[in-house]
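What follows draws every value from the coordinates through simple rules; no lab data is involved. Remember, predicted model here, so these are calculated numbers, not experimental data. Using ideal geometry, Cβ is built from the backbone for each residue, glycine included, and neighbour counts are taken over all protein chains shown.
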Amino acid sequence: MTEADATTHRFAQTFVDELAAQGCREVCLAPGSRSAPLAIAFARHPLVRVIVQIDERCCGFFALGMALRSGRPVALLCTSGTAAVEFHPAVVEAHHAGVPLVVCTADRPPELRDNGAGQTIDQIHLYGRATRWTADLGPPVPLPDSDRVWRRWAARAVRAAAGPPAGPVHLNFAFREPLTPDPTAPPITPAARASVAEPRSRPAPPSATVVEELVDPLRVAVRPVIVCGGLVRYDKALAGAVDRLAEASGAIVVAEPTSGLRTRGRPGLVTTADVCLRDPVLARTLRPDAVVRVGEPPTSAPLRRLLASAPIPTLLLDPDGRWNDPEAAATQVVRADPALTLRALARSLAPHRPPVRWRALWSRVEDAARAAATARLESSPLFEGQVVTALARTLPRAATLVVGQSLAIRAVDALWPPGGPGQRLLANRGASGIDGVVSTAAGVAAIGGEPTGLLIGDLSAYHDMNGLWALRRHRLRLVVVVLDNDGGGIFSALPPARHPDVFELCFGTPLGLDWERVAALYGLSHERVESAVGLLPALRRAWHRPGSSLVAVRFTRPASHAAHTAVFAAMAAAARDAVGAGDPGE
């Protein structure tokens, strides 16, 4: 082995060793030749778990799912050329959702670039502005302090990915041949690890002066609301802080299922705001006069419209400085630790007489709307609503459910009831794309160990059907529930539905897939559900069956649209009756 060859493989082993030392203990890699030095180093490291994926796009989202569930940086590795391009959708989602990834792409050395060499593209800054740090590291060369420099790169990559703000980093490695070490050569031992830890900064709590300024709208508010959007990093400290402020201010808490805060027993919890606020009368009656926002922007379009309809004092807690405020509705944006800020606001409100009638009004609305939904769902034809409520009833304790986009996440937001404290709902709501959702759920199943499910539309499932391969390959257990309405059901509720001459061709896009054959192809158990009466038994069997299952729930798009309309109308009517002529003010 020449000195140059030894340098390449010493670099790979040193770099991987430092990644592991910094806490990056999982790597998803797609097979390739140019990436062999790092692939071999990952596979031989005793502390690194290696997941192999054939499809690079699946590989990227699988890693994203692992990092989404664990909160720790996960490494990605692929060979050069278009393989690296296939990581791009997952990188974009990780960027917008704040999920930590260390993306490693192998590349040709400089002498093979821009001269027609095969499998060679421009990979420098390949992912544009969607990374926290990007570096083209070039071919490894021996230097007096090489080991220390290489370890510094690895440490910096992990720390940059972990944030704040968390997100993807991209390291491009140019390797010269030979790409594999001489099998007869003695193993190379990386140099002893030096301390390369860098201090991590976290947003501090706001000063007492700032808190006094922020709390003023809450002191005079009689209709306060705490809006909790999706949270990548949910913890008990934040939950407790939300509860303390809700009690001190008398606020209702509108919590999305993906916030981790839509749990039974939460003070002032409201789960029907999305449906109720679709009604113009209720939207006027239930209009808040002060808002505190935590997490991602709400999924609910009616809620977003209400919050942006006219100036309402709105505090946005923005710890990562991402300005998650697409409607520009926030009147105050504070980059501070959310839990510490909420607790400081609660302390500053004391002594304070919180409004009572506002929460009592919403309690009547919530009870009436939920009762109406239950009654209507029992008599409705099969559609997404029954699937959501059946999943909520059968979801095991301490289980995780990954929710797809389009109608899946909207049905969950509208109809998911308060759940148990150990249950977790996740979704790719950074870029909100339908791609890679199966692989994301597989990655979640690989890292968590708890029962894991996936609720997904048929178009999204087809888009990432290759992701099902990983379930048998890596012996994962995932319950996949496909909302099979044979096409893009969400478009039935959008303006394109008013153009029947082109609707099916351009928007409905029927698939005509037989999901039983899909399940057989990937070695999954299969259940086909075509009536509401068969839904609960099928889900219970799937949750208790060893291995992975695919439950295909079959209904039509017109029936789904009609059922959504009827259920939401019944909920709104019941809520209007509950409001009556009462004044929501104090």
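So here's what we get for this one:
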quantity: R0 of 30 Å, Cβ-Cβ distance ALA497-ARG322: FRET efficiency to nearest 0.05; calculated: 0.30
quantity: Test item: Cα-centred dipole of the range 1-55, Lys/Arg +1 and Asp/Glu -1 on Cβ, debye; calculated: 120 debye
quantity: Relative contact order [Cα under 8 Å, 6+ residues apart], the range 382-554, whole percent; calculated: 23 percent
quantity: Computed lengthening from ASP577 to ALA310, 0.36 nm per intervening residue step minus Cα-Cα distance; calculated: 93.5 nm
quantity: Mean separation of Cα contacts under 8 Å, 6 or more apart, over the residue count of the chain: relative contact order %; calculated: 14 percent
quantity: Length gained when the stretch ALA135-VAL85 is fully extended (0.36 nm per residue, less Cα-Cα span); calculated: 16.4 nm
quantity: Farthest toward positive dipole pole in the range 117-165 [+1 Lys/Arg, -1 Asp/Glu at C-beta], among ALA154, THR120, VAL141; calculated: ALA154
quantity: At most 14 other Cβ within 10 Å, DSSP loop - GluC sites (Glu not before Pro), the range 489-542; calculated: GLU530
quantity: Among (i) 1.04; (ii) 1.23; (iii) 1.13, the entry that matches Cα Rg over 2.2 N^0.38 Å as calculated here; calculated: (i)
quantity: Qualifying GluC sites (Glu not before Pro) in the range 296-394, DSSP loop, other Cβ atoms within 10 Å at most 16; calculated: GLU327
quantity: Karplus-derived HN-Hα couplings along the range 382-396 (A = 6.51, B = -1.76, C = 1.60, θ = phi - 60°), whole Hz, x at Gly and Pro; calculated: 4, 7, 4, x, 5, 5, 4, 5, 5, 4, 4, 6, 9, 4, x
quantity: Between helix 338-349 and the chain: long-axis angle, C-alpha atoms, 0 to 90°, nearest 10; calculated: 30 degrees
quantity: Calculated FRET value between ARG364 and ARG472, using beta carbons and R₀ = 51 Å, to 0.05; calculated: 0.50
quantity: Computed P(r) (all Cα pairs; the range 382-554; 5 Å bins; percent); calculated: 2, 9, 18, 23, 22, 15, 7, 3, 1, 0
quantity: Per-pair calculated FRET efficiency, R0 = 45 Å: SER33 and LEU536 via Cβ, rounded to 0.05; calculated: 0.35
quantity: Leading residue at positive end of dipole, the range 208-363 (Cβ point charges), from GLY295, VAL242, VAL210; calculated: VAL242
quantity: In range of the label at LYS236: residues from the range 381-402 whose backbone nitrogen is under 16 Å from the point 7 Å along Cα→Cβ; calculated: 398
quantity: Debye intensity ratio in log₁₀ form over the Cα atoms of the range 208-363, taken at each q of 0.11, 0.15, 0.17, 0.20 Å⁻¹; calculated: -0.36, -0.71, -0.94, -1.40
quantity: Rounded tilt (10° steps) of 146-162 against the dominant C-alpha axis of the chain; calculated: 10 degrees
quantity: For the range 457-586, alpha-carbon Rg over 2.2 N^0.38 Å; calculated: 1.37
quantity: Cα centroid separation - the range 1-62 against the range 297-332, whole Å; calculated: 42 Å
quantity: Span from the the range 110-166 Cα centroid across to the the range 475-539 one, whole angstrom; calculated: 41 Å
quantity: Cα long-axis angle, helix 535-544 against the chain (0 to 90 degrees, to the nearest 10); calculated: 40 degrees
quantity: Residue among VAL480, ALA360, VAL579 farthest towards the positive dipole end of the chain, charges placed on Cβ; calculated: ALA360
quantity: Net charge dipole size for the range 199-343 [Lys, Arg +1 and Asp, Glu -1 on Cβ; Debye, nearest 20]; calculated: 300 debye
quantity: Computed magnitude of the charge dipole of the chain (debye, nearest 20; Cβ of K, R +1, Cβ of D, E -1); calculated: 1620 debye
quantity: Sum of -39500 (n - 2.57) over DSSP H runs of 4+, divided by residues of the chain (222 nm, nearest 500); calculated: -12500 deg cm²/dmol
